[in-house]
1. Using Cα-Cα distances under 8 Å and only pairs 6 or more residues apart, what relative contact order does region 278-343 have, in percent?
2. Might you tell me the accessible area per residue for the chain, computed with a 1.4 Å probe and given in Å²?
3. So what is the 222 nm mean residue ellipticity for the chain from helices alone, if each DSSP H run of at least 4 adds -39500 (n - 2.57) and you divide by all residues, rounding to the nearest 500 deg cm²/dmol?
4. Relative contact order for the chain using alpha-carbon pairs under 8 Å, separation at least 6, rounded to a whole percent?
5. Hey, any idea what Rg/Rh is for region 300-363, computing Rh the Kirkwood way over Cα pairs?
6. Starting from region 276-306, pick out the GluC sites (Glu not before Pro) whose DSSP state is loop and whose Cβ has at most 11 other Cβ atoms within 10 Å.
7. Given the options 124, 274, 156, identify the residue whose Cα lies farthest towards the positive end of the charge dipole of the chain (+1 on Cβ of Lys, Arg; -1 on Cβ of Asp, Glu).
8. Can you give the percent of C-alpha pairs in region 10-129 whose distance is more than 19 Å?
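The values are calculated or read from the model by the stated rules, or taken from the named source; none is laboratory data. Please read all numbers here as calculations on a predicted model, not as lab measurements. Note: ideal-geometry Cβ built from the backbone for every residue, glycine included; neighbour counts use all protein chains shown. Please note that ligands, DNA and RNA were not included when accessible areas were found on the heavy atoms of the full protein model with its side chains. Shrake-Rupley method; radii C 1.70, N 1.55, O 1.52, S 1.80 Å.
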Amino acid sequence: MSANQELCSLRWNAERQVVEVIDQTLLPHSLQWCELESLASYCHAISAMQVRGAPLIGITAAFGLAGAIARDPSDENLSRASKALLATRPTAVNLGWALAAVAAAVRDIEPGARARVALAKARQLRAEDIANCSRIGEHGLALLRGLKPDGPLNIMTHCNAGWLATIEWGTALAPVYKAHAAGIPVHVWVSETRPRNQGTYLTAWELQRAGVPCTIVTDNACGQLLRSGAVDCVLVGSDRTAANGDVCNKIGTYLKALAAGANGVPFYALLPASTIDWECAGGDDIPIENRAESEVLAVSGADETGQRRELMLAGSGHRAHNPAFDVTPAALVTALVTEYGSVAASSVGLERLRAQISSSSPM
Ligand code: MRU
């Protein structure tokens, strides 16, 4: 095990032949695993955000499809289950990518052998995600060393792009864990990430477990921190990156990129190549998920006894608008960091990466 030494976000229980995931809706107050068995339980886990983060959504969907194939390997069921899983969340492109990978693996396989092949594919995608995130961490660490070889480093991140959003390591947090392990002093500014608070609930939780110093700040504090010289670089993940280098990520990412750019602070997006949507010409073509008004109007947490509570923030009768993602134009992104290394966030950079992907394996 890697960054966190003992946990991962999703595991295959071979004895019980079932997938287990950490229920992220209960963090940071309670660490509980839940078993995913039926197609409905997989769809619920993704749409209700028991699992979240683009890479983890993809791997979960792959296991969900493999499970559906095990119950009924027919083409009709494969197509039905794929559609149901694909409809769970619209923005993370890894979802469709992982479903396509499992479907392609079984396409020319006779029905009796499909279950075994589909499960093997899902397990392979999981293993590859771990390896790719570790490579992203190494490439990101090289960038951090270029900024300040021996630290101390103050890094700002948004949402959760740690191991909870992948299987192990994470994307944006992978270099942080690698730097910490290498003895480089590192401190992370964790923006709370309203309205779902993935920064407060998830990122701070996993950094604390790993012993990485971190401080939670309101989303609104980030501009001032960037202006005052308190941040050496911003590291974020991505849910879908367009072929021109535009980066779609959790709502609020764009504002950080603007403030970083205005103050000369490097802004990196770290993502596995599976997060690049080669068919998507630019950020305007990316579907942005709109989530429930209640996420803005209320907040959930734990009371002093540890009991989960939901509290109303707004007065009665208010409406809210809740886009879950935004697009950061490529021009504001210093570089994209994938398992293949760093590339310019531009059509040229991504064309180069595409050529590299088709001619080589990750380095
Ligand atoms: O809505 P979420 O929690 O699924 O959004 C997750 C993010 O925006 C992450 O930053 C992104 O998926 C990158 S994760 C490695």
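1. Across region 278-343, relative contact order equals 33 percent.
2. 41
3. Taking each H run of at least 4 residues, the total per residue is -11500 deg cm²/dmol.
4. 16
5. 1.33
6. Counting only loop positions with at most 11 other Cβ atoms within 10 Å, the GluC sites (Glu not before Pro) in region 276-306 are 279, 304.
7. So the residue we want is 156.
8. 40
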